[in-house]
Amino acid sequence: LGAPMSGAVVEIKVAVGDQVKAGQAICVLSAMKMETVVGAPADGVIESLDIALKDNLGAGDLICSIKSA
């Protein structure tokens, strides 16, 4: 799952091994005082989490890997 926009990670809502449903919040990005919730594109299990709080991401940077359920 790639970042939809540039921004700082202000909240992480999942951990490795968590089961997620399509649309479920993965993290929250903040850019220019606007917050965007990044959701899971499909049902699955979080295989890797490639972000930490306060990381600055560019558009397309890897947030996590999700294995299909």
For the range 30-56, give me the residue count where each residue is of a type outside the set (Ser, Thr, Tyr) and within 23 Å of Lys67 (Cβ to Cβ). 16
Being under 12 Å from Ile63 (Cβ atoms) and either small (Gly, Ala, Ser) or more than 13 Å from the chain's Cα centre (by Cα) (or both) is the filter here; which residues of the range 31-51 pass it? Gly39, Ala40, Ser48
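We did not get these values from a lab; they are worked out from the coordinates using the rules stated. These numbers were taken from a predicted model, which means no experiment stands behind them. Positions of Cβ are backbone-derived with ideal geometry, glycine not excepted, and every protein chain shown enters the neighbour counts.
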